[in-house]
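K.L.:
Shown below is the structure under consideration.
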Amino acid sequence: MSFAESLLACLVFMLSLAACGERREEAPSPSPRTAAATLPDADARVREAAIVVDANGLSNGGSGSRNALRFGAPRAEVDKLVESALDRPASGSENSDCGAGPMEFSEAGPLQVAYQDGKFVGWYLSGSGGDVITSDGVRPGFALAQVQEWRPVRVIADSTLEGEFEYQTRDGGVITGFFEGSQSDGRIVALQAGLNCFFR
């Protein structure tokens, strides 16, 4: 073996030793809950919705500027926004026997808005219509497992209301809901935030 060949063999051997000694630590793949703020295509669904609800209130949807109304807003302002966004009048009702005390309601399409003393205190969304959606892109009709894949979900096992669960929104709030079926293949039938007329 020539001197050049010996030198080349020595270099190859040294490089292979260095490669063996090098540790490559791969970062663990993040879970979908931490990798994505919300469900796939959520932003597109939110842009298409007439009203966007969240843990603290609601706003008009669409791609333009939004008028957000938080819990505590006057009923007249909230009713005006809902009727304008959904392009339909809201029907009114009341219930003096609610667990949270006497409440009034405005209902338009799949959305029911709750009031106490003329102030906005909660919303309840049922039906699978596309006019109203949460800020995370969730609506009734979705599979519970689909939401669990992307958001932290807790099924409330000791609830007196059947199929009750809650999930953490991407802004740190909490939205409650109800599902039918098993946790693995059940479907969301309603969502709500704030105060509503439930008896526990």
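Rule-based calculations on the coordinates, nothing more; no lab input. Model, not experiment: these values are computed from the prediction. Cβ: placed from backbone, ideal geometry, glycine included. Neighbour counts: every protein chain shown.
K.L.:
Over its Cα atoms, what ratio of radius of gyration to 2.2 N^0.38 Å does the range 40-194 give?
P.N.:
Cα-based Rg divided by the globular estimate yields 1.00.
K.L.:
Just need the relative contact order of the range 40-194 here, percent rounded to a whole number, with Cα pairs under 8 Å and 6+ apart.
P.N.:
That works out to 22 percent.
K.L.:
Oh, and also: So, in nm, how far is label GLN183 from label ALA68 when the simple model puts each one 7 Å beyond its Cα toward the Cβ?
P.N.:
Here the modelled spin labels are 3.2 nm apart.
K.L.:
So what is the relative contact order of the range 81-134, in percent, for Cα pairs below 8 Å that sit 6 or more residues apart?
P.N.:
Here the relative contact order equals 24 percent.
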